[in-house]
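Participant: Once you've had a glance at the structure underneath, I'll fire off some questions.
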Amino acid sequence: MDDAIRAAAFKWLKEKTEIFGDVLDYRILREGFIYQGNRISFLGPQGIWKPQAMELPISITSIPDGPYADSFTKDGFLNYKYMGTNPNHPVNTRLREMWKRQIPLVYLYRVVEGKYLAVWPIFIINENQENLSFLVAKDEMEYIQERKENFVADETEDNSRRSYLTVSVKQRVHQRSFREKILRAYRSQCALCRLKHVELLDAAHIIPDSKEGGEPIVSNGLSLCKIHHAAFDKHILGITPDYTIKIREDILQEIDGPMLKYGLQSLENNKIILPNRTIDHPDRDKLDQRYREFLDAS
């Protein structure tokens, strides 16, 4: 029955993430779905979560600054800490059984309070009892199924593929954490035009993350709709250190349709919308650096 529930759980998650994206609300994950009269939830009081109807866990959860110091290794894999310090705690024993049988799980990472990045399938691939942790990797079900059907195993290829996939999870953790923190700070609206449809909003870096000073922190970010994000990146608009919006001169002189007039030209000399907390306001030095790039491009 566990296998059937697990397959249904992955299908349910796929449907939900197609609707809401890969960051899901706590209430959605906590409520889960009904399978043959049993509620299958993905979150519970324990980070290693097993619904009552299942023999083995359905998910593992990481919480930044929580009681367990989960971390990524240099090879890109996830070190996931035991429940407590006893290797033979029943919860740890269940994960060990999943490692032996190569049974997939869901990984949930809390990006902000009440919201979780959902990643699946993930597998336990090793254990370090001295470090009180399991080694976890992302994989793809089609590869696992192919190996089972063809009885072919290439450990080097498996490790390389899993390392690549798990590194991408680490990148998504940082990207989604930054996005959710920015949207929350700006009350889920564009800082320039007040558009409130989150599916059309981006977390824009003031200093790009590829440059020095481009940290994924709220003071280095802006909540921008996709049009204004693209315009900001291409130096069609700039923002001064005193939070004033400036439009490139040639764009101001251009005559076109309503999108240009109301979407860009009308923003000239407006002030951006700021987060409620002063600590979350855009860093003036970073804005100054970015605004000088805008002037050079103009």
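Participant: Explain nothing, just compute: Karplus ³J(HN,Hα) = 6.51 cos²θ - 1.76 cosθ + 1.60, θ = phi - 60°, for every residue of the range 279-286 in order, whole Hz, x for Gly and Pro.
Facilitator: Each residue of the range 279-286 in turn: 4, 8, 4, x, 5, 5, 5, 5 Hz.
Participant: Any of Lys115/Lys261; Lys11/Lys211; Lys16/Lys246; Lys16/Lys271; Lys14/Lys196; Lys16/Lys211 with alpha carbons more than 31 Å apart? Name them for me.
Facilitator: Beyond 31 Å between Cα atoms: Lys115/Lys261; Lys11/Lys211; Lys16/Lys246; Lys16/Lys271; Lys16/Lys211.
Participant: So how tilted is helix 155-185 from the main axis of the chain? Cα-based, degrees 0 to 90, rounded to 10.
Facilitator: 50
Participant: Along its three principal axes, how long is the range 188-297 when you only count alpha carbons? Whole Å, largest extent first please.
Facilitator: So the three principal-axis extents are 38, 32, 23 Å.
Participant: Further question on the same structure: Rounding to the nearest 10 and keeping the result within 0 to 90°, find how far the Cα-based axis of helix 2-20 lies from the longest principal axis of the chain.
Facilitator: Between the helix axis and the principal axis of the chain, the angle is about 0 degrees.
Participant: Another question about this same structure. Based on other C-beta atoms within 10 Å, arrange Cys193, Cys225 from fewest to most. Numbers along the way, then the final one.
Facilitator: Details: Cys193 19, Cys225 22.
Ranked by crowding around the Cβ, least crowded first: Cys193, Cys225.
Participant: Another one. Only helical DSSP H runs with n ≥ 4 go in: add -39500 (n - 2.57) per run for the chain, normalise by residue count and round the 222 nm mean residue ellipticity to 500 deg cm²/dmol.
Facilitator: Roughly -11500 deg cm²/dmol at 222 nm, from the helical runs in the chain.
Participant: Over all distinct alpha-carbon pairs, what is the Kirkwood Rh of the range 2-182 in angstrom?
Facilitator: 16.7
Participant: Mind giving me the FRET efficiency for Ser168 and Thr17? R0 is 22 Å, r the Cβ-Cβ distance, nearest 0.05 is fine.
Facilitator: Numbers: r = 15 Å, r/R0 = 0.70.
Efficiency, from the Cβ-Cβ distance: 0.90.
Participant: Across the range 186-191, in residue order, what do the Karplus-derived ³J(HN,Hα) couplings come to in whole Hz, using 6.51 cos²θ - 1.76 cosθ + 1.60 with θ = phi - 60° and x for Gly and Pro?
Facilitator: Those phi angles translate into 9, 6, 6, 8, 5, 5 Hz.
Throughout, read-outs are computed from the coordinates displayed, never taken from laboratory work. Because the structure is predicted, anything quoted here is derived from the model rather than measured. Don't worry about glycine lacking a Cβ; one is built from the backbone with ideal geometry, like all the others, and counts go over all protein chains shown.
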